[in-house]
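Below is one structure, written out as structure tokens; comments come after it.
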Amino acid sequence: MIKKACFFLLASVLVVSLALTGCSKGAENESGSGKVIKFMHLWPAGSSKQHHMIVQEIIKEFESEHPGVRVEVEVLENEQYKNKIKVLSSSNRLPDVGFTWAAGYLKPFAKGNLFAPLDDVLQEGLKDDFVKGTTEAYAVDGKTYGLPLELNIAPIYYNKKIFKENNLEVPKTYEEFQHVVKTLESKGISPIALGNKDAWTGSLWYMYLADRIGGPKVLNQAIDRSGSFENPALVSAAEEIQKLVKANAFNKGFNGLSNDEAKSEFLNGKAGMYLMGTWELPNFTTNEEIPQDFRDQSGYFKFPTVKDGKGDIDSWVGGPGVGLFVAQNSEVKEESKKFAKFFIEKWGEQSVTKAGVIPATKVDTDKLDLPKLYIDVLNDLNQASNITLFADVQMSPSVAETHLNLIQSLYGNEIKPKDYAKQHETALKNEEN
């Protein structure tokens, strides 16, 4: 995530430069009497075969239903895409429709008046199709500049066999969760697989505790400066992390292990639980490189509620993946908005059934033939009360780096919870000045 954050900073510089120079020339989109929508995405046929196929089908259907409008496609690999967007933004020649990421990535483009607000598209009946909390990640100063395509949430995966052998039930409260941790630790089994070398993994646990103790807004408000990181709930969440460390809840050496190393411990049956994004679902369902016995024993549960806490069990930590933007200076802006809306409407079910991607829109699972874990996640998403965007994605690159360093220190018991909160608050305040 830090590498991504560094790119955000560079993009910010380019976009601010653009705003100052006031470039305004748009792309040539007319082709004869018809209209051409230039569309750039990052799912090549080779490396993203299923995604690419769905995109082509949607375009074909759109063109069929909109005579006189043609969609001209350019496809690039991920890094090539990011680099080209930077170059195009510097000359204000973005494609009419393209892919963007939320929050920190999106903000400089919105501030630089390069992306068109899409609230009018949402008000045309599309808004209710999205899972609550997804479009909000694409909003800047009250306007929405992107329509999310993907969504990931972070459940706690668990090994049903280990739970059964130790007479454990899926915990719904934090007290029950602590009982699970204590029981597994006493039997010599790592309760939780955690690779905190990159720290964003440890941030997930902290974010959930902040949510369950202080409610869904407390962390967001600290970051957007309508609140404080020294809020008692955020300090309490830090205290709970250190209590879990003291209780040997995490596997040995967690602060020096990568996420892949920790995941390996869970996949090899050496740990009872693993908190991670739903991008891991194929490993627990369809990935034939993972033994069928293990996949059959894999389940997940929602982060438990905390006694007297303000957060509810249907509130998730996660975030949307890529979304669609429409260029502000597009000469076919209305057609581009129609295409973006059409794309979102067609993408939902197809992305799950054909590519294994959880969409940002609600899905009617009664119509689908999918592994049970996918069905359960989709049904839970339909019931989601909130989705809190990953903290380091919400933050600016410099504050995110401070956050991740402090997460490492917190888990390493190198900092007191109050100092942890205070240093976050200082970093956020300094950025305001």
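Observations on the structure shown:
- Amide H contacts of Phe130: Lys362, each under 5 Å away and 5 or more positions distant or on a separate chain (H built 1.01 Å from N in the peptide plane; Pro and chain starts excluded).
- If R0 is 30 Å, the Cβ-Cβ spacing of Thr285 and Ala247 corresponds to a FRET efficiency of close to 0.45.
- Computing FRET efficiency as 1/(1 + (r/R0)^6) for Thr173 and Glu331, where r is the C-beta to C-beta distance and R0 is 45 Å, gives about 0.20.
- Global geometry of region 200-261, whether rounded, prolate or oblate, following the gyration tensor of its Cα atoms and the 1.5 cut on a/c: prolate
- Highest-MSF residue in the chain out of Leu219, Leu149, Leu368 [GNM, Cα springs under 10 Å]: Leu368
- Folded to 0 to 90 degrees: helix 232-246 orientation relative to the chain principal axis, Cα: 60 degrees
- Of the peptides 117-127, 350-360, the order by per-residue mean of other Cβ atoms within 10 Å, starting with the highest, comes out as 350-360, 117-127.
- Of all DSSP beta bridges in the chain, antiparallel share, percent nearest 5: 60 percent
- Whole-number Å³ per residue for the convex hull built on Cα positions in the chain: 138 Å³
- According to the Cα-based calculation, Rg over Rh for region 262-417 is 1.02, with Rh computed by the Kirkwood formula.
- If only the Cβ of Lys and Arg carry +1 and only the Cβ of Asp and Glu carry -1, the dipole of region 32-96 around its Cα centre is close to 280 debye.
- Label-to-label distance, nm, for residues given as Gln383 and Lys86 (7 Å Cα→Cβ offset): 4.5 nm
- Computed from backbone phi, the HN-Hα couplings of region 373-383 come to 4, 5, 4, 4, 5, 5, 5, 5, 4, 5, 9 Hz, rounded to whole numbers (Karplus: 6.51 cos²θ - 1.76 cosθ + 1.60, θ = phi - 60°; Gly and Pro given as x).
- A Gaussian network model of the chain, with springs between Cα atoms under 10 Å, assigns the largest mean-square fluctuation among Tyr206, Tyr174, Tyr411 to Tyr174.
- Apolar share of the accessible surface for region 343-433: 41 percent from carbon plus sulfur atoms, 1.4 Å probe.
- Cα long-axis angle, helix 174-186 against the chain (0 to 90 degrees, to the nearest 10): 60 degrees
- If you run the Gaussian network model on the chain, springs between alpha carbon atoms under 10 Å, then out of Glu150, Glu165, Glu239 the most flexible one is Glu165.
- Accessible area per residue in Å² at 1.4 Å probe, computed on region 117-183: 47 Å²
- Think of a 1.4 Å ball rolled over the protein heavy atoms: region 289-362 then has 38 Å² of accessible area per residue.
- Protection proxy ranking of 416-429, 307-320, 102-115 - average other beta-carbon atoms within 10 Å, highest first: 102-115, 307-320, 416-429
- The modelled label-to-label distance between Lys111 and Glu230, using points 7 Å beyond Cα along the C-beta direction, is 2.6 nm.
- Taking the protein heavy atoms of region 167-206 in the context of the full set of protein chains, the accessible area attributed to carbon and sulfur is 47 percent at 1.4 Å.
- Residue-averaged [θ]222 nm for the chain, counting only DSSP H segments that reach four residues, each worth -39500 (n - 2.57): -14500 deg cm²/dmol
The values are calculated or read from the model by the stated rules, or taken from the named source; none is laboratory data. Just so it is clear, the model here is predicted, and its values are computed rather than measured. All Cβ positions, glycine included, derive from the backbone under ideal geometry; neighbour counts span all protein chains shown. These accessible areas exclude ligands, DNA and RNA; they are computed on the full protein's heavy atoms, side chains included. Shrake-Rupley method; radii C 1.70, N 1.55, O 1.52, S 1.80 Å.
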